[in-house]
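The values are calculated or read from the model by the stated rules, or taken from the named source; none is laboratory data. Source: prediction; values computed, not measured. Positions of Cβ are backbone-derived with ideal geometry, glycine not excepted, and every protein chain shown enters the neighbour counts.
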Amino acid sequence: MNAPLQFDRWERYFWPLLAINITLALWYFSVRWSGTEIFPSPLDVERGMAELVHRGLLWRYTLNSLSRVAFGYVSAVLIGIPAGLVLGWYPAAADMVNPLIQVIRPVSPIAWIPVSIAWFGIGDTAATFLIFLASFFPIIVATMNGVRNVPSMYRCAGRNFGLSPANLIAKVVLPAALPQIVVGLRITLGIAWLVVVAAEMIAVDSGLGYLVIDSRNSGKRYDLVVAAMILIGLTGLGLDIAIRRIEKLKSVRWGFRNEH
Amino acid sequence: MSTRTRILLLVFGWLGLISGLHSYLNVNWAFILNDYLPLEKRKFTVAYIPVTCHLVCPVTDYISKFSKGDEIFLPKMFQGFPEIKEALISNRVQAAFVVAPLAIALKSQGVPIKVVYLGHRYGSAVVVQKDGPIRTFADMRGKVIAIPSRFSDERLILYRAMKAYGIRPNEIKMVEMAPPDVAGALATKAIDAFSMGEPFPSEAEMGGFGRILFHAREYWPDYMSCVLVVRQDMIDRRPEAVQTLVDGIARSGLWLEKGRSYRENAADFVGRFYYNQDPALLRWALTKPLDRVLYNRLAPRKADFDMVRDLMIETGVLKKGIEFDEYVDLRFADHASIKTAWNYEPGSRYAQ
Amino acid sequence: MAQTVSTLASTFVATSKVASVPQPKPLQAKLCAEGVTMIFKRNGSYVPVLEDVTLSASEGEFVCLLGPSGCGKSTFLNILAGFLVPTQGRVLIDGKAVRGPDPRRIFVFQERGVFPWLTVSGNIGFGLFKCSKKERTSRIAYYVDMVGLQGFEGAYPHELSGGMKQRLEVARALAVNPDMLFLDEPFGALDSITRLTMRSELLRIWEAERKTIIFVTHDIEEAIQLADRVVVMSTRPARIQRIVNIDIIRPRDISSRRYLELRDGILEEIGLAHKG
């Protein structure tokens, strides 16, 4: 009876590793076969990564990018969730603001670079602003929708027990909307991390996004470009796993159907 | 008609509509079909970015349309040097206008190219805030200045100026920025100065927020910035096509030197049809003063390039030395030196 | 005292016929709905749901609203609780007009209105924010005991069965010690065995605490087993068809002759109701 259980646990690591290995092999052979001058093979990238570790840049750049994303993301969340709660609660306000949001939302952060430079100069603040901008709209929309989807039954029950409007929002609407808000948090974190390459185009001098752009600019160092891409991907994976932990909390888990 | 059929029709109708409109309005068919011509007949592509230094490229293309015989080449506009670099390396373009240090760096990293001609002389300047505190270059200590790339002569000129004033490299902060962003950054005082090629200094002057501190030629007589590089395999297989290209460029350069009216005409058609820039801006860059950018004496000279190479090694962007002959092929420039300017009058439909 | 008077005032019918009973006088009534009419506007057209409903209930009474599904009894209950404003008419509770929901009159919802993000203790303690911590803990413990959820204090609603969730909701409602309870088909989603258990639980709780209860159901047996008076309502637009006094002493024997008499009488009424 033990055998099936162990099979499962072993399998959880085996299949993804197998997929990764197959991908690496395909990558290597396609580079060899196509004779491309630009795209590096996995071995080149590995050497590039070793070089980054050797120059002490790997951790430094990762931390730099993470700190910029942290500032931009957290400030977007701190402003976006309350704003979303208010907009979701007062449909009239939402109707007024919604067209504006929907117009600004699709504009890529890269297009905001000149504006960002004009307002914040060049450097970390401008880069953090771009990350803030990219994170703000998804989280406010997710919160708005979460609030709108709270069943009126809960609101009625809250009023029934004599809660003031402020308490109603804090004690009923917010917890009820929390699963959807947490999903919004996860998606927004993904977007914030995605934007880091664009954000670090503004004359900063460190970070994973900067590494991508800089390696590209300095000639033929595409091995570093792909190494930076892989690092960005792995860090993004780590962030996603961390935020999924929040979804497992009991006070939020009720919102997600599949249990196992 | 069922809902499913309706949806399918809508989707494919929409796809068809925008594809049709796109291919009619936007697609450059000459460029695409070129790839399917047999090798000998295929025109080769020359890459450029919309700066005044590369003006000879669109000028040649435009004028040669009016002359007998076919167009010489297909020009392709890019937005930045990294994209040109990648296109050049993977043979999507066969020739390109790039900055001289980048050409040297690429060659030393093993990309098979040769410099065959220059793009221009002069044409770069250091611009400061109009009402700012910087009066002479000595005031640049501790300030922030934007450069287009570490592989640019605009950076090297700063080092030459710093040497003249005894300023050490770590006393000035240089940041790499995309050229289109520097005008706005200067206007909002995000940076204290920038060192760029035309038309960005002109843009700052015209906009009223910039003042030229000095032109590049003040610290570097015979300043050169952009060069024309061609892939080695192109030179080996179709040298006569390369020669035609260089001839055309040379003639365009001489044509631009013929006088003010020709330059103004060039500003007009390049600004409208090629660069999407305001013709008034290009006119300013080309005529105020008339020798802001020069398009003659475009044959590569060893002394110029050796100096660039030495400065590159000194400032740390080049690891080891590389000899002039390794990356320059002078044959084409020699042949082109006997050419005369285009015989094309502004507004006419006939050129020769 | 008022209760005894009103009970004596309701006619004790010894005959086999069921009859409409006069309602308690407004002055003595706990709840008094006068001429309540409700018209909804849906998709541009007017939908009348309630028509001139007048009902009184006295303190500590268990009143059932009985009618076919969709006839408007839930709407009426919502109006009584203050969630909806009637198009015409008014509702008085303790002599004062109802303007909105109030913690003295708690509504127990049809679709399991427990808060899924709170534990059992958290739900029961939800309305107790004005109490001291000690009092809260003791009241929560008392009501957990009363509804029989001992051992589940730290459990979340998604870990409970349907019957347990319903009990939790009743406990939550009772914890704030309201005067009145409104229950909207609370046992509808439960299986029939659990339903029987829940009915006796509810009666036990009611007999312990004697709140005024207005209970909506479409199940005749349920109505007769639980209520003091059954208000039979017609199909939409709902009017009060008949009010039947259930004069059997609790615990009620469902095989007794009186019970079957009352049941058949109401069935006849309902038969009328369906055709009407």
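Name the residue, out of B:Val115, B:Val59, that is among the hydrophobic types (A, V, I, L, M, F, W, C), under 15 Å from the mean Cα position of the chain (by Cα), away from every other protein chain (no Cβ under 14 Å) and closer than 17 Å to B:Thr244 by Cβ.
None of the others qualify; the one that does is B:Val59.
How about the range B:180-222: which of its residues are closer than 23 Å to B:Gly166 by Cα and of a type in the set (Asp, Glu)?
Result: B:Asp192, B:Glu218, B:Asp222.
Quick one: would you say B:Pro279 is over 30 Å from A:Lys220 (Cα atoms) and surrounded by fewer than 17 Cβ atoms within 10 Å (Cβ to Cβ)? Can you show your working first?
Working: over 30 Å from A:Lys220 (Cα atoms): yes; surrounded by fewer than 17 Cβ atoms within 10 Å (Cβ to Cβ): no.
No.
Hey, among B:Ala138, B:Ala146, B:Ala125, B:Ala161, which residue is touching a residue at least 40 places away in the same chain (Cβ under 8 Å) and outside any strand (DSSP E or B)?
On the way: B:Ala138 fails: touching a residue at least 40 places away in the same chain (Cβ under 8 Å); B:Ala146 fails: outside any strand (DSSP E or B); B:Ala125 fails: outside any strand (DSSP E or B).
Result of the check over B:Ala138, B:Ala146, B:Ala125, B:Ala161: B:Ala161.
Is it the case that B:Ala30 is outside the structural domain of B:Val230 (by TED's automatic domain parsing), touching a residue at least 40 places away in the same chain (Cβ under 8 Å) and part of a helix (DSSP H, G or I)?
For B:Ala30, the condition - outside the structural domain of B:Val230 (by TED's automatic domain parsing), touching a residue at least 40 places away in the same chain (Cβ under 8 Å) and part of a helix (DSSP H, G or I) - is met.
Yes or no: B:Gly208 more than 14 Å from every other protein chain (Cβ to nearest Cβ), modelled with pLDDT of 85 or more and crowded, with 22+ Cβ neighbours inside 10 Å? Reasoning before the result, please.
Numbers: more than 14 Å from every other protein chain (Cβ to nearest Cβ): yes; modelled with pLDDT of 85 or more: yes; crowded, with 22+ Cβ neighbours inside 10 Å: no.
In short, no.
Give the range B:151-172 a look and list any residue that's buried (at least 19 other Cβ atoms within 10 Å of the Cβ) and either within 14 Å of chain A (Cβ to nearest Cβ) or closer than 14 Å to B:Gly197 by Cα (or both), or say none.
B:Phe151, B:Ser152, B:Asp153, B:Glu154, B:Arg155, B:Leu156, B:Ile157, B:Leu158
Might you let me know whether the range C:80-97 holds any residue that is crowded, with 21+ Cβ neighbours inside 10 Å, more than 17 Å from the chain's Cα centre (by Cα), more than 14 Å from chain A (Cβ to nearest Cβ) and in a loop (DSSP other than H, G, I, E, B)?
Taking every residue of the range C:80-97 in turn, at least one turns out to be crowded, with 21+ Cβ neighbours inside 10 Å, more than 17 Å from the chain's Cα centre (by Cα), more than 14 Å from chain A (Cβ to nearest Cβ) and in a loop (DSSP other than H, G, I, E, B).
Can you find a residue in the range C:179-195 that is small (Gly, Ala, Ser) and either within 11 Å of another protein chain (Cβ to nearest Cβ) or surrounded by 17 or more Cβ atoms within 10 Å (Cβ to Cβ) (or both)? Even if it seems obvious, please write down each step before you answer.
Kept after step one, since they are small (Gly, Ala, Ser), are these residues of the range C:179-195: C:188-189, C:192.
Of the ones still in play, those that are also either within 11 Å of another protein chain (Cβ to nearest Cβ) or surrounded by 17 or more Cβ atoms within 10 Å (Cβ to Cβ) (or both) are none.
For the range C:179-195, residues small (Gly, Ala, Ser) and either within 11 Å of another protein chain (Cβ to nearest Cβ) or surrounded by 17 or more Cβ atoms within 10 Å (Cβ to Cβ) (or both): absent.
Given the criterion buried (at least 19 other Cβ atoms within 10 Å of the Cβ) and either at pLDDT 85 or above or touching a Gly at 6+ places or on another chain (Cβ under 9 Å) (or both), identify the matching residue among B:Ile89, B:Ile7, B:Ile18.
Working: B:Ile7 fails: buried (at least 19 other Cβ atoms within 10 Å of the Cβ); B:Ile18 fails: buried (at least 19 other Cβ atoms within 10 Å of the Cβ).
Checking each option against the conditions leaves just B:Ile89.
Give me the residue from the range C:117-128 that is facing another protein chain (nearest Cβ under 7 Å) and modelled with pLDDT of 90 or more and, out of that set, nearest to the chain's Cα centre (by Cα). Spell out how you get there, then give the answer.
Let us first name the residues in the range C:117-128 that are facing another protein chain (nearest Cβ under 7 Å), namely C:117, C:126-127.
From the residues that got through so far, the ones that are modelled with pLDDT of 90 or more too are C:117, C:126.
Values: C:Trp117: 26, C:Phe126: 21 Å.
For the range C:117-128, the residue satisfying everything is C:Phe126.
Which pairs have Cβ atoms under 7 Å, sit 6 or more apart or on different chains, and link a residue in the range B:48-70 that is more than 14 Å from B:Arg251 (Cα to Cα) to one that is acidic (Asp, Glu) and modelled with pLDDT of 80 or more?
Here the result reads B:Val51/B:Glu198; B:Thr52/B:Glu198; B:Cys53/B:Glu198, each pair linking the range B:48-70 to a residue that is acidic (Asp, Glu) and modelled with pLDDT of 80 or more.
Here are some residues: B:Pro38, B:Pro101, B:Pro75. Which one is assigned to a strand (DSSP E or B) and either more than 14 Å from chain A (Cβ to nearest Cβ) or under 23 Å from B:Val175 (Cα atoms) (or both)?
On the way: B:Pro38 fails: assigned to a strand (DSSP E or B); B:Pro101 fails: assigned to a strand (DSSP E or B).
One residue alone meets the criteria, B:Pro75.
Out of (1) within 14 Å of chain A (Cβ to nearest Cβ); (2) within 19 Å of A:Trp254 (Cα to Cα); (3) surrounded by fewer than 23 Cβ atoms within 10 Å (Cβ to Cβ), the odd one out for C:Arg104 is which?
Single failed check for C:Arg104: (2).
Looking at the structure I just gave you, is C:Asn123 over 26 Å from C:Lys30 (Cβ atoms) and either surrounded by 14 or more Cβ atoms within 10 Å (Cβ to Cβ) or touching a residue at least 60 places away in the same chain (Cβ under 8 Å) (or both)?
Spelling it out, C:Asn123 is indeed over 26 Å from C:Lys30 (Cβ atoms) and either surrounded by 14 or more Cβ atoms within 10 Å (Cβ to Cβ) or touching a residue at least 60 places away in the same chain (Cβ under 8 Å) (or both).
Hey, could you check the range C:222-268 for residues that are in contact (Cβ under 8 Å) with a residue 40 or more places away in the chain and among the acidic types (Asp, Glu) and say which is surrounded by the most Cβ atoms within 10 Å (Cβ to Cβ)?
Residue satisfying both the conditions and the ranking: C:Glu222.
Regarding C:Gly271, is this residue small (Gly, Ala, Ser), free of Cβ contacts under 8 Å to residues at least 12 places away in the same chain and under 21 Å from C:Gly70 (Cα atoms)?
Here the answer is yes, as C:Gly271 does meet what is asked.
Give me the helices (runs of 4 or more DSSP H) completely within the range A:48-148, filtered to those with at least 2 residues that are touching a residue at least 40 places away in the same chain (Cβ under 8 Å), under 23 Å from the mean Cα position of the chain (by Cα) and in the same structural domain as A:Met201 (by TED's automatic domain parsing), ordered by residue number.
So the answer is A:57-89, A:113-120, A:124-148.
Out of the residues in the range A:202-211 that are hydrophobic (A, V, I, L, M, F, W, C) and over 18 Å from the mean Cα position of the chain (by Cα), state the one that is farthest from the other protein chains (Cβ to nearest Cβ).
A:Leu211
Just one of A:Met229, A:Met201 is outside any helix (DSSP H, G or I) and either out of contact with any Ser or Thr (no Cβ under 6 Å at 6 or more places or on another chain) or over 30 Å from C:Arg104 (Cβ atoms) (or both); which is it?
A:Met201
Only residues that are away from chain A (no Cβ under 14 Å) and loosely packed, with under 14 Cβ neighbours inside 10 Å: list them for the range C:149-160, please.
Within the range C:149-160, C:Gln150, C:Gly151 qualify.
Would you mind telling me which numbered condition in (1) touching a residue at least 40 places away in the same chain (Cβ under 8 Å); (2) at the interface with chain A (Cβ under 8 Å from one of its Cβ atoms) B:Val175 fails?
So the condition that B:Val175 fails would be (1).
Step by step: first the residues of the range A:212-238, then only those that are away from every other protein chain (no Cβ under 14 Å) and surrounded by 19 or more Cβ atoms within 10 Å (Cβ to Cβ), then the one that is farthest from the chain's Cα centre (by Cα). Which residue is that?
The extreme case among them is A:Ala227.
I'd like the full set of residues that are out of contact with any helix residue (DSSP H, G or I) (no Cβ under 7 Å at 6 or more places or on another chain) and of a type in the set (Gly, Ala, Ser), limited to the range C:31-76.
C:Gly35, C:Gly44, C:Ser45, C:Ser56, C:Ala57, C:Ser69, C:Gly70, C:Gly72, C:Ser74
How about the range B:137-186: which of its residues are of a type in the set (S, T, N, Q) and either touching a Lys or Arg at 6+ places or on another chain (Cβ under 6 Å) or over 19 Å from B:Gly123 (Cβ atoms) (or both)?
B:Asn170
Considering only the range B:70-85, state which residues are touching a helix residue (DSSP H, G or I) at 6+ places or on another chain (Cβ under 8 Å) and more than 30 Å from B:Ala351 (Cα to Cα).
Listed by number, the residues that qualify are B:Phe81, B:Pro82, B:Lys85.
Check off (1) part of a helix (DSSP H, G or I); (2) within 14 Å of chain A (Cβ to nearest Cβ); (3) buried (at least 20 other Cβ atoms within 10 Å of the Cβ) for B:Gly184 and give me the number that stays unchecked.
With respect to (1) part of a helix (DSSP H, G or I); (2) within 14 Å of chain A (Cβ to nearest Cβ); (3) buried (at least 20 other Cβ atoms within 10 Å of the Cβ), B:Gly184 is out only on (3).
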